[in-house]
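Engineer: Have a look at this one before I ask anything.
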Amino acid sequence: MVEFNLFGIPYIGADICGFFGDSTEELCERWMELGAFYPYSRNHNTLGAKDHDPGLWPSVAASSYAAMRVRYTLLPYLYTLHYLASTEGHTVVRPLFFEFPENTDAQNIDTQFLWGSWLMITPVLEEGSTFVRPYFPKGIWYDYYNGTAFVQEVASNRIVLAPRSHIPVFVRGGGIIPTQRPRVNTELSRKEPLGLIVAPDHQEQAEGTFYWDEGDSLDPLGSGKYFTADMIYDNGTLHWIVTHAWDGMNTMALSDIRIFGVPDRPTQIIIDGKRWKMGDWHYNIYTKVLELFDLEIPAQANFTLTWNSQMDFKIPCPMSYKDWNENIEITKEMCTARNCDWDGNHEIQCSVPSADAYGYEYASDNVEQTEKGFRLFLKKRGVTLYGPDVKEVTFEVFQYSDDTLRFKFYDSINDRYEVPAQLNLPLTGIQNPLYELVYPTPKSGNMFYFYVVRKDTGSILFDTRIGGLTFSDQFLSLTALLPSKNIYGMGENTHHSFRHNMSQKIWPIFARDQPPIVDSEQRNLYGAHPYYQCIENDGKAHGVLLLNSNALDYQMLDYPAISYRTIGGVLDFFMVLGPDPEMVVAQYTFLIHRPMIPPYWALGFQLCRYGYASLEELQQAVNRTRDANIPQDVQYGDIDYMDRRMSFTYDVDAYDGFPEYITEVKDQGLRFIVILDPAINAEMPLDEYETHERAVAADAYIKWAPETDPDDIEFNNGGNSSYMLGYVWPENRTAFPSFFKSSSQNWWIEEIKEFYATIEFDGLWIDMNEPANFGTNEEKPWNWPEDWELWSLQCPESTWDDPPYVTKAGSWSDANRMADKTLCLAGIEERDSPSAPYRHYDVHNLYGWSQTQPIYTAARLTTGKRGLVVSRSTFPGSGHWAGHWLGDNRSIWPDMKHSIIGMLEFNLFGIPYIGADICGFFEDTTPELCERWMELGAFYPYSRNHNSKDSVDQDPGLWQNVAESSKKALEIRYRLLPYLYTLFYHAHAHGNTVIRALLHE
């Protein structure tokens, strides 16, 4: 090769793996690695020899794949070298002494070679060898694969490891190499974005040339249909200078840039003087490599790229949704009234005061050591946003294990509400933690911040130097820079993609009776899961939980960063360090308690609808399913089966024979799950509905707070009691149990046990447990009887229902109040004496979670078996007792598509028993939609067809095509049930996901 480059024939190569004789596996493997760097790369052998195409041996295939990916990545550089050979007479492959003519040792080297000036290839040329001893001339050389620098003060040989499937390749300092994302052939790879490898020399400078044309056109130089650019790097600044323009480059982008030898971690990428928002980056503190990707810089024009380590990011000023929403432009007057900073020339015009002027500073020089970590003592600095501020705050760090870290801000003087969940805290302590929490040396009056570093890569995972720390009585906020834009989780919301949109959108978390409408604004749905998983840009992963049950908003910023805003409690964060995605889920579910294993029958297909007007209609749906030979394990009773929609009853007229039917079909293998709503009819005669009487005896209901004006209670309750009344499905006003008190839990369990004596259910489905209430603060509920005097639950004005900062959840009602579709947040939920009661304001998001454990206990006690509970409202830890469905979706194609995102998110949340209403809940499905959805739904962990009262029937036996497809898909499911059941075992025992994204593998 080297000789023929001297002869002026640079397109040169040898028959890879040899022409005559039989190649061996190892020889072919090593030759394919070398041949990947022949200009003319061809595997060829003769008629009598054994086949040696690289796909024959797994080891050769793996090595060939790895080496060819390098070649195809470097094809723009190789093509540029051939352009320079054609136009200027340069060699393509050259010996070392061409670049180091004064080096006499280099004159004798013929076991390694250069591509152009900047790439050195050092192949394995001896059988059985797993290392090479290449000669490194004086200068800086970088490992092509990881960017590790070899600084040669004098030329010498070095031992370099070269295990099978690896060919050592090095980039010479001073060069810039054009690249492209590799594909399986050049037809495809030429459509991919371009990239650069920048390898600075001792003076932190580098240069290179790039040539491009149509790839096979006649006389591109003569016709002018070509593109050239020079690349110059100088002390942290990269210049792309177009030297010959061509409109064929208009669709090409430069996206991936690796820069070696970057001394410090940047915080932002700057192109042509402005922060570049596209793409992302990763910096390795040990190799000093900065990797930029997905930049999408137009390649046809000049640009200058640099970076800095400034912390001049702005945090958008939090505007209360009481009198603002995203459709209202923030004015300077609004901004300054909120004590925020105004900059009319910045993209974020109204921002939280800067990090040096606002937040918390050290209150003392003291670091108080604790059993699990340490405490720092802070005091308020700067203005207030939504005061009164807590003046003295403690920052405490708990190092529970090598992979689990907790950091917490709380009031140093006064006790505040904290989430009452009992977490499963690791007890191992630290030996070699994956993390380091860094903070400035405490000195009274100095500003406080902290950041968390992954020790083995130096990646900063959570960085509060951006500022904005707020701890007011009813407004707490923390913003942190993140290591990548690969953020997943946070909910329950309807996200348009599994990977988060980082474009400053604000999402609320506040349990609400809200269908998952994918084409609406950012809505808060049924549950609360303030937890995200981040895939760092080197593939490692971590997870972060904010253990806070108050209403909150979160905003994703493109820096990237996350900004939390909650209206109560404390800031209590848990971080699990993985380092791979499945390990993150395992560590998180260990913390919040592993998910339950559903009974085997619960993995079968399930059928339900709201709208079976009679037992006969329900039986017809079951019979249609059976007649079509479609597998079915579970049939449901929605609220139709109840007597006047009251829990713990059944309609003895429309559902005459219901208990007997359940017993009959059980003998045929069909299980029954019935729905229970928490709202209890509070205005029935006691002899007609003893459930309410027993609830009163147990003092089980949510109450008005003692300080509530008696006139307000009189208006809302008619003077009956201190219980807060609302209106849901029963025909009278309803009271709502609180499940934080033992007497309430015991009453609920006993009601279920008594109900089981009549209806021998196999599982329980709990709905409306956000808790939902119809018509709060409106003229009347939507289903209020026409001939009744107008009434609806009206929440008196209070700091709980009208907090200083109304989260986005409050913006969906005309009044912009927090209690929309639920109970007044000023209500109280009592606990066992002597504990003080909770405010519903604090525990609203825990309502479904607090109900789930006693109902799970009741299901096991009554059936004597594992049973099944499915809950609409959930919180971290709910998966330990229950599954979840994704709520009242619609019979439209986008809702089917987005159900996959919901399933993936709930597997991150530790609730792997998850599914959507197959064929859609609202609106009329179509045969094609239902057919495709039944196929998808056959692979939901929780596979249930369910729709609404006002929609057409959609049980799969109705249409022949749907029946055939359903039968086929479900028979695959049933064949795979042992595998699915095993996955649930792994989820329960080890914390794995059942449904997982490809990125987890």
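Engineer: Per residue, how much accessible area does the range 640-699 have with a 1.4 Å probe, in Å²?
Structural biologist: 42
Engineer: Over 31 Å between Cα atoms: which of Lys191/Lys897; Lys322/Lys391; Lys391/Lys455 fall into that group?
Structural biologist: Lys391/Lys455
Engineer: Given a Förster radius of 60 Å and the C-beta distance between Asn103 and Asp323 as r, what FRET efficiency does 1/(1 + (r/R0)^6) yield to the nearest 0.05?
Structural biologist: So the FRET efficiency works out to roughly 0.20.
Engineer: At 0.36 nm per residue, and after removing the present C-alpha to C-alpha distance, how many nm does the segment from Ser833 to His244 gain when stretched out fully?
Structural biologist: 203.8 nm
Engineer: Where in the range 6-26 is the amide nitrogen less than 18 Å from a point lying 7 Å along the Cα-to-Cβ axis of Leu221?
Structural biologist: Those under the cut-off are 6-12.
Engineer: Need one number: the % of Cα-Cα pairs in the range 1-75 sitting beyond the 14 Å mark.
Structural biologist: Value for the range 1-75 (Cα pairs over 14 Å): 59 percent.
Engineer: Please arrange Asp640, Asp219, Asp687 by accessible surface area, largest first, computed with a 1.4 Å probe and ligands excluded.
Structural biologist: In descending accessible area the options line up as Asp687, Asp219, Asp640.
Engineer: Ok, one more. What is the ratio of the Cα radius of gyration of the range 192-249 to 2.2 N^0.38 Å, with N the residue count, to two decimals?
Structural biologist: For the range 192-249, the normalised Cα radius of gyration comes out at 1.33.
Engineer: What part of the accessible area of the chain, given as a whole %, is carbon or sulfur when the probe is 1.4 angstrom?
Structural biologist: Looking at the chain in its full context, I get 50 percent from C and S.
Engineer: Quick one: divide the alpha-carbon radius of gyration of the range 905-1001 by 2.2 N^0.38 Å and tell me what you get.
Structural biologist: 1.19
Engineer: Taking the highest mean first, how do the peptides 843-855, 725-737, 87-99 order by number of other beta carbon atoms within 10 angstrom per residue?
Structural biologist: 843-855, 725-737, 87-99
Engineer: Taking the alpha-carbon set of the range 1-127, what are its Rg and Dmax in Å?
Structural biologist: For the range 1-127, the Cα-based Rg and Dmax read 15.4, 48 Å.
Engineer: At a temperature of 10 °C and a viscosity of 1.306 mPa s, determine how fast the range 105-193 diffuses translationally according to Stokes-Einstein, using the Kirkwood radius over alpha-carbon pairs as Rh; express D in µm²/s, rounded to the nearest whole number.
Structural biologist: Using the Kirkwood radius from Cα pairs, D works out to 109 µm²/s.
Engineer: Then there is this: Ala14 to Asp950: FRET efficiency via 1/(1 + (r/R0)^6), r the Cβ-Cβ distance, R0 56 Å, to the nearest 0.05?
Structural biologist: Using R0 = 56 Å, I get an efficiency of 0.15.
Engineer: How long, wide and thick is the chain, going by the Cα atoms along their three principal axes, in whole angstroms, largest first?
Structural biologist: 107, 74, 56 Å, listed from the longest principal axis down.
Engineer: Find, among the GluC sites (Glu not before Pro) in the range 226-335, those assigned to loop by DSSP (not H, G, I, E, B) with at most 10 other beta-carbon atoms within 10 angstrom.
Structural biologist: Hits after loop and neighbour filter: Glu329.
Engineer: Beyond 29 Å, what share of the Cα-Cα pairs of the range 218-376 remains, rounded to the nearest whole percent?
Structural biologist: Within the range 218-376, distances greater than 29 Å cover 49 percent of Cα pairs.
Engineer: Could you give the semi-axes, largest first, of the ellipsoid that matches the range 400-514, computed as the square roots of 5 times the alpha carbon gyration tensor eigenvalues and rounded to whole Å?
Structural biologist: Semi-axis lengths for the range 400-514 are 25, 21, 19 Å.
Engineer: Okay, next question. What is the distance, in nm, between label points placed 7 Å from the Cα along the Cα-to-Cβ direction at His496 and at Asp264?
Structural biologist: My value for the distance between the label points is 3.8 nm.
Engineer: While we're looking at this one, here's another question. Between Thr304 and Asp687, what is the label-to-label distance in nm when each label sits 7 Å out along the Cα-to-Cβ direction?
Structural biologist: With each label point 7 Å from Cα toward Cβ, the separation is 9.2 nm.
Engineer: How high is the FRET efficiency between Tyr600 and Asp787 when r is their beta carbon distance and R₀ equals 41 Å, given to the nearest 0.05?
Structural biologist: 0.25
Engineer: Length gain on complete extension for the stretch Gln668 to Ser813, per 0.36 nm per residue less the alpha carbon to alpha carbon distance?
Structural biologist: Stretched out fully, the Gln668 to Ser813 stretch lengthens by 47.4 nm.
Engineer: To the nearest 20 debye, what charge dipole does the chain have about its Cα centre, counting +1 at the Cβ of each Lys and Arg and -1 at the Cβ of each Asp and Glu?
Structural biologist: Here the size comes out at about 2780 debye.
Engineer: Could you give P(r) for the range 745-843, binned at 10 Å from zero, as whole percent values over all Cα-Cα pairs?
Structural biologist: Once binned at 10 Å, the Cα pair distances of the range 745-843 give 13, 32, 28, 23, 4.
Engineer: If you don't mind, there's one more thing I want to ask. Just checking the chain: which Cys have no other cysteine's beta-carbon under 4.7 Å?
Structural biologist: Cysteines lacking a close Cβ partner in the chain: Cys534, Cys608.
Engineer: Given the -39500 (n - 2.57) contribution per DSSP H run of 4+ residues, what per-residue ellipticity at 222 nm results for the chain, rounded to the nearest 500 deg cm²/dmol?
Structural biologist: -6000 deg cm²/dmol, from helical runs alone.
Engineer: Which aspartates and glutamates, if any, have their Cα less than 18 Å from the Cα of Lys372, not counting same-chain residues under 8 positions apart?
Structural biologist: Correct list for Lys372: Glu396, Asp402, Asp403, Glu436, Asp572.
Engineer: How much length, in nm to one decimal, is gained on full extension between His82 and Asp365, taken as 0.36 nm per residue of separation minus their Cα-Cα distance?
Structural biologist: Between His82 and Asp365, full extension yields 95.4 nm more.
Engineer: With each label point set 7 Å from Cα along the Cα-Cβ vector, what nm distance links Ala62 and His990?
Structural biologist: Calculated label separation equals 2.1 nm.
Engineer: Same structure, new question: So how compact is the range 787-835: Cα radius of gyration and Dmax in angstrom?
Structural biologist: Using the Cα atoms of the range 787-835, the pair Rg, Dmax is 13.7, 45 Å.
Engineer: So how do Asp312, Asp653, Asp15 rank on accessible area, 1.4 Å probe, biggest first, that is with the largest at the start?
Structural biologist: My answer, sorted largest first, is Asp653, Asp312, Asp15.
The values are calculated or read from the model by the stated rules, or taken from the named source; none is laboratory data. The structure presented is a predicted model; accordingly, all values stated were derived computationally and were not measured. All Cβ positions, glycine included, derive from the backbone under ideal geometry; neighbour counts span all protein chains shown. Quick note on the areas: whole protein, heavy atoms, side chains included, nothing else; ligands and nucleic acids left out. Shrake-Rupley method; radii C 1.70, N 1.55, O 1.52, S 1.80 Å.
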